[in-house]
1. Among the listed residues L188, L225, L200, which satisfies the condition of being over 22 Å from L272 (Cα atoms) and not hydroxyl-bearing (S, T, Y)?
2. What number of residues in the stretch 153-164 are surrounded by 12 or more Cβ atoms within 10 Å (Cβ to Cβ) and free of Cβ contacts under 8 Å to residues at least 12 places away in the same chain?
3. Would you check which residues across the stretch 16-70 are of a type in the set (V, I, T) and more than 29 Å from K93 (Cα to Cα) and list them?
4. With V51, V77 as the choices, which residue is under 21 Å from the mean Cα position of the chain (by Cα) and modelled with pLDDT under 90?
5. Restricting to the stretch 134-151, count the residues that are on the phi < 0 side of the Ramachandran plot and surrounded by fewer than 14 Cβ atoms within 10 Å (Cβ to Cβ).
6. Within the stretch 288-334, can you find the residues that are touching a Gly at 6+ places or on another chain (Cβ under 7 Å) and basic (K, R)?
7. Somewhere in the stretch 109-119, is a residue without any contact (Cβ under 8 Å) to a residue 12 or more places away in the chain, farther than 30 Å from G206 by Cα and surrounded by 12 or more Cβ atoms within 10 Å (Cβ to Cβ)?
8. Select from the stretch 282-304 the residues that are in a helix (DSSP H, G or I) and touching a Leu at 6+ places or on another chain (Cβ under 8 Å) and list them in ascending order.
Amino acid sequence: MTVAIDRATGKRHGDRAPRPGLGQRLRNNYQKYWYAYAMVAPVAVVLGALVIYPLVYGFYLTLTDANSLNTARTIGVNHIDATYKFIGLDNYKDILFGPTSYDRFWSHFVWTIVWTALCVTLHYTIGLGLALLLNEKFRGRTFYRMVLVLPWAVPTFVTVFGWRFMLADGGIINATLHFLHLPQPEWLEDTFWQRAAAILVNTWCGVPFMMLSLLGGLQSIDGTLYEAAEMDGASAWQRFRYVTLPGLRSVSSTVVLLGIIWTFNQFAVIFLLFGNTAPDAQILVTWAYYLGFGQQPRDFAQSAAYGMLLLAILIVFTSFYRRWLNRNDQQLAI
């Protein structure tokens, strides 16, 4: 093979130019994409100020023994300096393996898992059922769609306070049960019924979102698939199993993942429904709030450690969930 050489430069034709350094590549990128950087910069600043900085500072607090008695504070004209100290991973060890770990973490963790599983299952099944009904053609369909979306459109605190009044001892629910000569549960006092009430209210708030998402997925399924299935003699159940469910696969995987994340971190329903009066009905996120702001002294370090554990749990679950979905997609493609 012959190689041509430039007599002036001594370089062989076909040789690649040397790769520019990191600084030169950054300058080239900026000159080429400066407008994109300018558009993204405000979002990056806001995310850094509202997400990244609190996350980093919260992780730092988990490595200390910070509480409301040893952090920096100002009382009148007197400023008191912080006296908390670095203790490493002691907070995590105390939460996960300490003498009170079951009462303070594991019992709430188990209830949080049960709460999330039951709520998301109810969200999906009821939402899918309503979406299937609203996907049919009948008179007043638009009106029913609007009515069923209202629980999602109304602010959460209004919905929860309304349910709290209805679930009270003298509320309309127990009054109706009394009229029907049925038992009247202590919805806001007994632990079992507190948990049942929380699931009921959260289901009411979460079903409309699932219904709308699945309704959009149903409308994107090609109608000729149903026509072909009918011509082949498929029953209604077979059309649902082999046409509807596969057609909703991508939408379902997304909304279920979002539902799990939102329900796992659902603070408003539990807090507004019970406040600090139902310790056994608290999920991890509301228990973390109680440790940091609902007791004296306020334990900032342990509360932040709970936040880091919640984040770690969701990251691990999301990674395994996405991997499981990808593996199933590959098996279906074979």
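1. The match here is L225.
2. Matching residues across the stretch 153-164 total 2.
3. Scanning the stretch 16-70 gives V40, V43, V45, V46.
4. It is V51.
5. 10
6. R298
7. So far as the stretch 109-119 goes, no, none of its residues is without any contact (Cβ under 8 Å) to a residue 12 or more places away in the chain, farther than 30 Å from G206 by Cα and surrounded by 12 or more Cβ atoms within 10 Å (Cβ to Cβ).
8. L284, V285, A288, F300, A301, Q302, S303, A304
The values are calculated or read from the model by the stated rules, or taken from the named source; none is laboratory data. In this text, all values refer to a predicted model and were calculated from it rather than measured experimentally. Reconstructed Cβ throughout: ideal geometry from the backbone, glycine too, with neighbour counts over all protein chains shown. The accessibility values were calculated without ligands, DNA or RNA, using every heavy atom of the protein model including side chains. Shrake-Rupley method; radii C 1.70, N 1.55, O 1.52, S 1.80 Å.
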